[in-house]
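Computed from the coordinates by the stated procedures, all read-outs in this text should not be read as laboratory data. None of these values were measured; they are calculated from a predicted model. FYI the Cβ positions are ideal-geometry reconstructions off the backbone, even for glycines, and counts take in every protein chain you see.
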Amino acid sequence: MTSDTADALRAAYYERIAAQQMSPLWESLHNLVPKAPQPKALPAIWKYAQLRDLVVEAGSVISAEEAVRRVLILENPGLPGKSSMTPNLYAGLQLILPGEIAPSHRHTQSALRFIVEGEGAWTAVNGERTTMHPGDFIITPSWTWHDHGNPSVEDGGEPVVWLDGLDIPLVAQMDAGFAESYPEATQPLSRPEGDSFARFGQNMLPVRHRVSDPTSPIFSYPYARSREALDALYRNGELDEWDGVKLRYVNPATGGWPMPTIATFMQYLPSGFKGRAYRSTDATVYCVVEGKGTVKIGSGEFNFDAHDVFVAPAWAYVQLSASVESVVFSYSDRPVLAALNLLREERV
Ligand code: GTQ
């Protein structure tokens, strides 16, 4: 039998099994079970200076009320049409103008807000409002009512932009998405601002507190506190050759991550820092708070400035350098990888 005949026989056979919704594993084994991760997501950067005006222009295209969430989705160029930044995570820039309200709803997707610019807007979660400041990290956990608002110009409101990070693609993959709207634009407030921070944000817990869910009981992690901690550690001589000074955000009641599907971090890179290469199986989205530098991600290299967003796919080497002192926030799907025993890291 010539190899042409054998190929023809195989092709005919593949057609016959395809008619029964079957296919030959031996043709796809290497793709299905790769030797190492083969992410479709690409390294990429969104330069805030280039997109800021477009984000603000969304304010004249549609109101927050009509849009429900007025957000420009940041889509990874390697995942076209998927509204995804990584296979598990979503990113978007949300704009809220003075006097506007983004109406209350809840969904099984977990969300984080990382405030990029503007002061004074608020998010309400679980009956409590928190005021947003640039660099604050705020959570709206799975199935909690949340609405966002911004005071009128007379009351000091200004346009506010934040980065939304959600586990939308992960939840879609699981077919576990549910959502509903609250009957009013805003949820009723049952606790004054600062209540949960007083209970849970001071290295103390209410004496009879019982952990009943995996989500953090504080939902705002103010930048002032995170920045102060990083600063103090750097002054005390802490500097990791890969990370600079890097802290992770915690659920103060468990020591675990603030939300079960998304890990969050904040790191300080001193002026002149040249980090060593690191990679891991969690895919990470970064948002620059302050500073300027360069980042190598896989075969890509990008200059970053304050407010830029960039993404490192799974298993791509990441190397951060800072030309002036810099602070970088990041989030990843690390808790999911860790829970499934799929987390691997390499520090070169
Ligand atoms: O604020 O609830 O960017 O539900 C995407 C989906 C934000 C939100 C997004 C959402 C939200």
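Can you tell me which residue within the stretch 246-264, out of those that are free of Cβ contacts under 8 Å to residues at least 24 places away in the same chain and of a type outside the set (G, A, S), is surrounded by the fewest Cβ atoms within 10 Å (Cβ to Cβ)? Result: R248. Being farther than 28 Å from G300 by Cα, surrounded by fewer than 20 Cβ atoms within 10 Å (Cβ to Cβ) and among the polar types (S, T, N, Q): is that true of T130 here? Considered against the rule, which asks whether it is farther than 28 Å from G300 by Cα, surrounded by fewer than 20 Cβ atoms within 10 Å (Cβ to Cβ) and among the polar types (S, T, N, Q), T130 comes out as no.
The set of residues from the stretch 50-78 being away from the ligand (no atom under 13 Å from the Cβ), surrounded by fewer than 16 Cβ atoms within 10 Å (Cβ to Cβ) and among the aliphatic types (A, V, I, L, M) comprises L54, V56, V61, I62. Taking the criterion of being away from the ligand (no atom under 15 Å from the Cβ) and surrounded by fewer than 18 Cβ atoms within 10 Å (Cβ to Cβ), the residues of the stretch 79-101 that qualify are P80, G81, G99.
Per the conditions (1) over 18 Å from S104 (Cβ atoms); (2) away from the ligand (no atom under 16 Å from the Cβ); (3) in contact (Cβ under 8 Å) with a residue 60 or more places away in the chain; (4) surrounded by fewer than 17 Cβ atoms within 10 Å (Cβ to Cβ), the sole criterion not satisfied by A176 is (2). Out of T2, T86, one residue alone is of a type in the set (V, I, T) and more than 29 Å from T144 (Cβ to Cβ). It is T2.
Is it the case that some residue within the stretch 217-228 is more than 29 Å from L79 (Cα to Cα) and within 16 Å of the ligand (Cβ to nearest atom)? Among the residues of the stretch 217-228, at least one is more than 29 Å from L79 (Cα to Cα) and within 16 Å of the ligand (Cβ to nearest atom), which makes the answer yes. Got at least one residue in the stretch 265-287 being part of a strand (DSSP E or B) and surrounded by fewer than 18 Cβ atoms within 10 Å (Cβ to Cβ)? Yes: the stretch 265-287 contains one or more residues that are part of a strand (DSSP E or B) and surrounded by fewer than 18 Cβ atoms within 10 Å (Cβ to Cβ). Only one of the numbered conditions (1) closer than 30 Å to G272 by Cα; (2) without any contact (Cβ under 8 Å) to a residue 12 or more places away in the chain is violated by P183, and that is (1).
Could you count how many residues in the stretch 165-185 are within 22 Å of E66 (Cβ to Cβ) and either outside any strand (DSSP E or B) or not hydrophobic (A, V, I, L, M, F, W, C) (or both)? Give the derivation first.
Start the filter on the stretch 165-185 by keeping residues that are within 22 Å of E66 (Cβ to Cβ), which leaves 166, 168, 179-185.
With either outside any strand (DSSP E or B) or not hydrophobic (A, V, I, L, M, F, W, C) (or both) added as a condition, the list becomes 168, 180-185.
Residues that pass the stated criteria total 7.
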